[in-house]
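Below is one structure, written out as structure tokens; the observations come after it.
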Amino acid sequence: MITVNTVNEIVSQVRHWKREGQTIGLVPTMGYLHEGHASLIQRARRENDRVIVSIFVNPIQFGPTEDLASYPRDFARDSQVCRELGTDLIFYPQPDEMYDADFCTYVDMDVLTTQLCGKSRPTHFRGVLTVVSKLFHIACPDRAYFGEKDAQQLAVIRRMVRDLNFDLEVVGCPIVREADGLAKSSRNTYLNETERKAALVLSRSIEAGKKLLAAGEKDAARIVAAMRAVIEAEPLARIDYVELVDGDSLQPVSTVAGTVLAAVAVYIGTTRLIDNTGFVETEGTK
Ligand code: AMP
């Protein structure tokens, strides 16, 4: 496994692999790796000749009052995890390697980014799409791996790839959870013991929604109300959103039809956590 910090180094390694006809799987991350990230890396390992993991806390996807400075970082541990999982190359750039002082070009999107997390994080997806575009150009992956945990991120990246004709496959991977149901997240480390217990309202609310969907409930307002009730019973929780949206357009639906996404964002104390479940009307929950 090699670690490179500069765009020039990764580009020359990628060119070498491409000349040899090797396929490349890319797993973009912000580091502080957990089993969720590991599941993406393992899948990439199975499906490609070469696996690249990028570790980059992307400043432009954080809002001015968000947790850029305090975001957890542990490169030594991440490096060991990547090595154990059979990663070929870690791309670990510093912000000034990715963004020149006069950087001024961004990738932006309408419609999908104005919903869900986009409402409280208006510049977030512009930052995500810009950095992911750069990583796609730099690493030239055949496949890129993203978690369903960040369902809106996955949907906007799929749409960008389609709209801008990126020549790669986006692979979505299932949410990895703690034993008690909490979706794994680097941000879970912000929670104290009481908050950690309170955070279970996210997965419990998702379970409540899932159950109603599986039982054939079609009325979105009733499903949302049941999901909200679970969260509102927890004094440490403050709802950012609880929504049922169309799985492709991410627009709110009033009636369940086709593919829908039930998604929540909740503050537990000062920590903002998200969770979701997809549902295909004819086939049951994913
Ligand atoms: P992050 O480091 O938080 O930017 O996440 C990097 C990638 O890992 C993203 O595609 C996330 O959706 C994915 N990911 C994070 N947590 C999980 C999880 N619990 N299960 C599956 N994928 C995840």
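When residue 22 is tested against (1) open to solvent by 30 Å² or more (accessible area, probe 1.4 Å); (2) within 15 Å of the ligand (Cβ to nearest atom); (3) touching a residue at least 24 places away in the same chain (Cβ under 8 Å); (4) not aromatic (Phe, Trp, Tyr), only condition (2) is not met.
For every residue, the table says whether it meets (1) under 17 Å from the mean Cα position of the chain (by Cα); (2) hydroxyl-bearing (Ser, Thr, Tyr); (3) more than 11 Å from the ligand (Cβ to nearest atom); (4) open to solvent by 60 Å² or more (accessible area, probe 1.4 Å).
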position	(1), (2), (3), (4)
35	yes, no, no, yes
47	no, no, yes, yes
58	yes, no, no, no
71	yes, yes, no, no
92	no, yes, yes, yes
105	no, yes, yes, yes
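So, restricting to strands (runs of 3 or more DSSP E) that lie completely within segment 165-276, which ones have at least 1 residues that are open to solvent by 30 Å² or more (accessible area, probe 1.4 Å) and not assigned by TED's automatic domain parsing to the domain that holds residue 78? Hits in segment 165-276: 237-246, 259-268.
Tell me, yes or no, whether segment 142-159 has at least one residue that is of a type in the set (Ser, Thr, Tyr), within 13 Å of the ligand (Cβ to nearest atom) and within 30 Å of residue 17 (Cβ to Cβ). Yes, that holds for at least one residue.
No other residue among 85, 116, 129 is surrounded by fewer than 22 Cβ atoms within 10 Å (Cβ to Cβ) and either within 14 Å of the ligand (Cβ to nearest atom) or under 21 Å from residue 261 (Cα atoms) (or both) apart from 85. Taking first residues from segment 185-203 that are modelled with pLDDT of 95 or more and partners that are assigned to a helix (DSSP H, G or I) and open to solvent by 30 Å² or more (accessible area, probe 1.4 Å), the Cβ contacts under 7 Å between residues at least 6 apart in sequence or on separate chains come to 201/230.
Please work out if residue 156 is open to solvent by less than 10 Å² (accessible area, probe 1.4 Å), assigned by TED's automatic domain parsing to the domain that holds residue 96 and either in contact with a strand residue (DSSP E or B) (Cβ under 8 Å, 6 or more places away or on another chain) or in a helix (DSSP H, G or I) (or both). Spelling it out, residue 156 is indeed open to solvent by less than 10 Å² (accessible area, probe 1.4 Å), assigned by TED's automatic domain parsing to the domain that holds residue 96 and either in contact with a strand residue (DSSP E or B) (Cβ under 8 Å, 6 or more places away or on another chain) or in a helix (DSSP H, G or I) (or both).
The values are calculated or read from the model by the stated rules, or taken from the named source; none is laboratory data. Since we're looking at a predicted model, the values are computed, not measured. Methodologically, a virtual Cβ is constructed for each residue, glycine included, from the backbone with ideal geometry; neighbour enumeration extends over all protein chains shown. Quick note on the areas: whole protein, heavy atoms, side chains included, nothing else; ligands and nucleic acids left out. Shrake-Rupley method; radii C 1.70, N 1.55, O 1.52, S 1.80 Å.
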